[in-house]
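Every number here is computed from the coordinates shown, using simple stated rules; none is lab data. The structure presented is a predicted model; accordingly, all values stated were derived computationally and were not measured. We place every Cβ from the backbone using ideal geometry, glycine too, and count neighbours over all the protein chains shown.
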Amino acid sequence: MFKTKAESEEFLQGFLPLLQETPDDREAVLCVPFTDLNVLSRNLHGSRTRLGAQNVHWEETGAYTGEISPLMLCEIGVRYVIIGHSERRQYFGETDQTVNLRLKAAQKYAMTPILCVGETKQQRDAGETESIITNQINKALIEVDQNNLVIAYEPIWAIGTGDTCESTEANRVIGLIRSLLSNKNVSIQYGGSVKPNNIDDIMAQPEIDGALVGGASLEFQSFARIVNFKS
């Protein structure tokens, strides 16, 4: 819940020029608040940076005050949508079942969902990481097309806490996630206190295909450095 429309335009003016030398095989996606989608859709036209939303409802229309439908997102050129982010699960009652419904709705309208999974510190300390992740993946992906999907592993205990999951451990868990998929080529990201000073190490791991970036994406130079990680 950051950036007004004016602040988003200012961000883009600094950010887009820094991506001119970004390798062609990388894709940057800005998943912004709903009020910023229109202005970014106009300003990203013709650029390599894609537009994403932070949530989507599973119905096209209806009495769901405060939600947004896939029709509304498609109309303004949204290509990606985050689903099941830990904050949605923690603060707004998101469940594996509603995550599944949202995933299928996004795919029905040709958007690529970014499915977030991850464990709490309490679950990790109890040795439940593998079972929690497996359960989340299995329930979320019922009848979901794995050919149009991104998954983000975000250990909840490492989000906004300054505690970063060791890159080798993130790699291990992402390897577990990949082993649960029928499509082994699904892009799997790591998210959890990703910063300019740790992105190179994160992206050096063989199982990690990308990064879901939170706080470090709010400043354009910081986020551009992450996009332009040194491989």
What does the convex hull of the Cα atoms come to per residue for the chain, in Å³?
121
Straight-line reach from Lys139: which lysines have Cα under 20 Å away, leaving out those fewer than 8 places along the same chain?
Lys104, Lys108, Lys184
Based solely on its DSSP helices, what 222 nm [θ] is calculated for the chain when runs of n ≥ 4 H residues each add -39,500 (n - 2.57) and the sum is averaged over all residues, nearest 500 deg cm²/dmol?
-10500 deg cm²/dmol
7 Å from Cα along Cα→Cβ at both Cys74 and Glu60: what's the point-to-point distance in nm?
0.8
Cβ density ranking, 10 Å radius, fewest first, applied to Arg42, Arg172 yields Arg42, Arg172
Within the range 1-16, the residues whose backbone N lies under 16 Å from a label point placed 7 Å from the Cα of Ser47 along the Cα-to-Cβ direction are 3-16
For the range 14-105, state which GluC sites (Glu not before Pro) are in a DSSP loop and have at most 11 other beta carbons lying within 10 Å of their beta carbon.
Glu21
Where the centroid of each part is defined by its Cα atoms, how far is the range 121-172 from the range 179-222 in Å?
12
Please rank Met1, Met203, Met111, fewest neighbouring Cβ atoms within 10 Å first, as an exposure proxy.
Met1, Met203, Met111
Let me know the whole percent of all Cα-Cα pairs from the range 1-108 that are separated by more than 16 Å.
61
About the Cα centre of the range 5-227, what is the dipole size in debye to 20, counting +1 per Lys and Arg Cβ and -1 per Asp and Glu Cβ, all else neutral?
340
At least 30 Å along the helix axis (C-alpha) and Kyte average at least -1.0, DSSP helices within the chain
none
Cα centroids of the range 16-85 and the range 98-118: how far apart, whole angstrom?
13
